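Participant: Before anything else, here's the structure in question.
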Amino acid sequence: MTRVDQNSTEDLLRHASPRPLPSPDVEAVVRAAVQDEWRELTGRRRTRRRFAQYAIAATVLVGVFATLNTFRTPVADVVRVAAIEKSFGSVFLLGEQAELRPTDELSNILSGQTIVTGNDAGLALAWGGGGSLRVDANTRIEFTDDKSVFVESGRIYFDSQLTSLVAGIDAGGSPDFMLQTPNGAVQHVGTQFMTAIDGDALVVSVREGSVLIDGAFHEHTATSGQQVSLVGQQRPSVLSIDRAGTAWDWVGRTTPAADVDGRTLHEFLTWACREMGLELKFEGTAEAVAHEAVLKGRIDTAPADAVRLRLATADLHSRIEGGVIYITD
């Protein structure tokens with residue numbers, strides 16, 4: 001608009017008559033209508049903002065749950081993996097806060113539990129569907145599941161053969177047994193074997209059968225009468241070891257009680273000699289006497305002591321030579 005047009009418009013407005021002012025009632029109605037429209041408009045804006053905020057929050061939560069589900073590890077079922085057959089000395093269950101709890105009332109071992117033994121302790125367990133697991137003093141062992149254990153330190157012994165003389169509770173699950181250690185894994189193949197963990201050394205001694213050793217750096221198959229040591233990255237060291245003797249004495253101390261009631265002396269001797277790692281042979285009429293003699297009660301002493309006592313009651317004698325126990329009349 002030019003300057004001339006602006007002057008003309010002002011002259012025209014000056015000559016116009018004044019417009020009447022609205023009444024207070026009309027003004028109030030108009031103001032109320034304007035306020036209602038403003039509230040409705042701003043309400044819609046707030047609703048849209050809130051909806052947008054909720055949508056963003058929901059998107060973030062979905063992302064968080066998706067991430068958690070991606071990294072979530074399925075919770076394994078807790079199962080009974082072993083039953084305690086014999087326990088002596090200081091044996092503890094490791095608590096959730098790494099505290100040591102007494103095991104006086106403990107009869108079964110569950111997956112996920114960790115047992116710690118003191119320097120005066122020993123433990124015998126019926127493992128899974130069969131076999132006997134022994135835990136020596138100063139040992140820390142975690143029962144991973146019904147097929148494996150993890151030995152952090154110490155010494156264990158495993159006998160995969162079932163025996164009817166020991167009334168161990170069937171803990172359920174598989175008779176498979178895998179021993180895991182910080183230095184490698186050991187798997188039995190119908191075996192009696194001992195495994196010791198000492199720092200970076202893994203030592204496996206085989207009394208019967210064979211074991212497969214999958215070390216951190218080397219693999220080896222150990223057979224009866226062999227002791228295999230794996231230390232760090234060094235190649236396996238293989239030595240000959242007797243199936244009986246002082247190296248195995250602690251195993252005899254953890255032998256569970258045997259129920260010999262109604263069993264023959266021959267059955268008992270067969271079991272006891274296997275516990276001691278000895279071959280059983282008879283001389284003269286001793287074998288016939290052993291088949292005829294029937295025993296009573298239970299035996300809860302070391303096998304060597306039990307053999308001497310039971311032979312004396314049958315007027316039989318024994319001697320040990322070269323890994324063989326000879327029973328004679």
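Participant: If I filter the stretch 295-319 down to residues being surrounded by 13 or more Cβ atoms within 10 Å (Cβ to Cβ) and among the β-branched types (Val, Ile, Thr), which single residue comes out as farthest from Trp271 (Cα to Cα)?
Facilitator: Per the stated criteria, the residue is Thr301.
Participant: Pairs under 7 Å by beta carbon, first residue over 15 Å from Val289 (Cβ atoms) in the stretch 311-325, partner among the charged types (D, E, K, R), six or more apart or different chains?
Facilitator: Close Cβ pairs satisfying both conditions: Gly323/Asp242; Gly323/Arg243; Gly323/Glu279; Val324/Glu279; Val324/Lys281.
Participant: Tell me which of these Asp159 doesn't satisfy, since it passes every other one: (1) surrounded by 21 or more Cβ atoms within 10 Å (Cβ to Cβ); (2) within 15 Å of the chain's Cα centre (by Cα); (3) acidic (Asp, Glu).
Facilitator: Result: Asp159 fails condition (2) only.
Participant: Further question: Of the residues Ala216, Ala258, Ala222, Ala201, only one is crowded, with 16+ Cβ neighbours inside 10 Å, free of Cβ contacts under 8 Å to residues at least 60 places away in the same chain and touching a strand residue (DSSP E or B) at 6+ places or on another chain (Cβ under 6 Å); which?
Facilitator: Residue meeting the stated conditions: Ala222.
Participant: I'm checking my understanding of the structure. Among residues of the stretch 188-198 that are of a type in the set (A, V, I, L, M, F, W, C) and in contact (Cβ under 8 Å) with a residue 40 or more places away in the chain, which one is farthest from Thr223 (Cα to Cα)?
Facilitator: Within the stretch 188-198, the match that is farthest from Thr223 (Cα to Cα) is Ile197.
Values in this text are rule-based calculations from the coordinates and carry no lab data. Since this is a predicted model, take the numbers as computed values, not measurements. Glycine also receives a Cβ, built like all others from the backbone with ideal geometry; neighbour counts cover every protein chain displayed.
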